[in-house]
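The values are calculated or read from the model by the stated rules, or taken from the named source; none is laboratory data. It should be emphasised that the depicted structure is a prediction, and the values quoted were computed from it without experimental measurement. Virtual Cβ from ideal backbone geometry, glycine too; neighbours counted across all protein chains shown.
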Amino acid sequence: MRGILIVGDGMADQPLQELNFKTPIEAANPQAMNRLACRGVLGLLDPIAPSVVPSSDTANLALLGYNSDFVYEGRGPFEASGAGLQLKEGDVAFRCNFVTVDENLCLVDERAGRVGGVDAKVLGKVVEQIELKDNSDVELYFKQTLGFKAALVLRGDGLSSKVYRALPNVGDSVVSILPLDGSFEARRTAGVLNEFVQLSNQVLDVHPVNVERKVVNRRPANAVLPWSGGVKPDVSSFQGKYSLRASCVAAVSLIKGIGRLSGMDVPDVLGATGERDTDTLAKADAVLAAFREGKDFVYVHIEAADEASHDGDVEGKIAVIKKIDMLVDRILSSVDLSDTVIALMPDHATSCMTMRHLCDAVPVCFAGANVISDNVTVYSERSAYKGGLSHISGKDIMPMMLNYMGRT
């Protein structure tokens, strides 16, 4: 049997007053997801553990059966690998944000007004040309990936990932990256990163794209801030772990990086943008193409619901959920559940009200020939409380998938 694991990033939420205390999933009333629920079993999923607010990186690793305590040092290596940057021994990789800073290099907006499109691509090319001066023996490899997101790889002698990994708070200086230990390597790396941030501000603040953004009262993307650094992780092969030939269908570099570092095939899907305009039907077709190419398992990830949540855009989130439902419909209409197991879940809940991730349990559904249906007919956070799976964790997903596929 074959398996498909569908992840709607940040798709789950809490009841919202403006939706008459329905969640966005309930308001969307996704018909294909409901059909899947009718044929399957539902439950509640804690991606990491109860009361833990998951990040997208550790949550998706958990869903694939990887313990982040052993394979995760920071998001950077996954972002860099997903962006197509090659990692060598000794390299240190960072996730980066285009940010807005004031004249004192203090943080104003950690996402630079959600800069994206042509603006982000043009500014990304500018940053790629930056060369360090005080640390000229360190090579920089930079790539803008999706909107305000980017990846950075440092290559040279005497580098360390032991630097402060979190984004600063609004109002704090962005050139205060600190070493986490007293080693020469950590101090040197912190100095390299602070120089890079300063140089990025120097070239970006005066760039015509940002001059125009200021004119039209949009926040400039006038600096690049690295965070969540790490070295290349030792991720065991997904095929070696599960004896499954796998494909990862995703648009965002983080998930592509997880796929590549675990040895999955990672196709570039035309029209898959990671934004709200993403072509979910093209992703569904990529899933079906992977099966035609002999794959046993496909991990398909859709980002845009999380993006809408972080913007506090309730209607936008509902629209994305309906687009995810179109993907589920295309897949359900094209495969036979007698030989295919489908699992559907968010990797975490994201609140449209607070615009942050939540520790709430999220709805999970399995459907396939070996799955005993629980008579729940609606896919939602509320209906999952009635499901036969009860309460499970992210680490349970792959063992359950293997069980339903007859591959325990």
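Points to keep in mind about this one:
- Qualifying residue in the range 327-343 (condition: more than 29 Å from residue 389 (Cα to Cα), hydrophobic (A, V, I, L, M, F, W, C) and assigned to a loop (DSSP other than H, G, I, E, B)): no
- Scanning the range 267-290 for residues that are within 21 Å of residue 81 (Cα to Cα) and among the polar types (S, T, N, Q) gives a single hit, 273.
- Look at (1) assigned to a loop (DSSP other than H, G, I, E, B); (2) surrounded by fewer than 21 Cβ atoms within 10 Å (Cβ to Cβ); (3) touching a residue at least 40 places away in the same chain (Cβ under 8 Å) and you find that residue 376 fails only one, number (2).
- Test: residue in the range 94-105 that is among the polar types (S, T, N, Q), touching a residue at least 12 places away in the same chain (Cβ under 8 Å) and either part of a loop (DSSP other than H, G, I, E, B) or within 17 Å of residue 254 (Cβ to Cβ) (or both): yes
- Of the residues 279, 311, 234, the single one that is modelled with pLDDT under 95, more than 29 Å from residue 91 (Cα to Cα) and surrounded by fewer than 24 Cβ atoms within 10 Å (Cβ to Cβ) is 311.
- Positions within the range 11-39 being in a loop (DSSP other than H, G, I, E, B), under 30 Å from residue 293 (Cα atoms) and in contact with a strand residue (DSSP E or B) (Cβ under 8 Å, 6 or more places away or on another chain), in sequence order: 39
- Qualifying position, being hydrophobic (A, V, I, L, M, F, W, C), modelled with pLDDT under 95 and not assigned by TED's automatic domain parsing to the domain that holds residue 308, among 152, 146: 146
- Of the residues making up the range 259-281, those that are closer than 14 Å to residue 66 by Cβ and in a helix (DSSP H, G or I) number 3.
- So residue 256, is it in contact with a helix residue (DSSP H, G or I) (Cβ under 6 Å, 6 or more places away or on another chain), under 30 Å from residue 160 (Cα atoms) and part of a helix (DSSP H, G or I): yes
- Residue that is farthest from residue 116 (Cα to Cα), among those in the range 295-316 that are over 16 Å from the mean Cα position of the chain (by Cα) and not hydrophobic (A, V, I, L, M, F, W, C): 296
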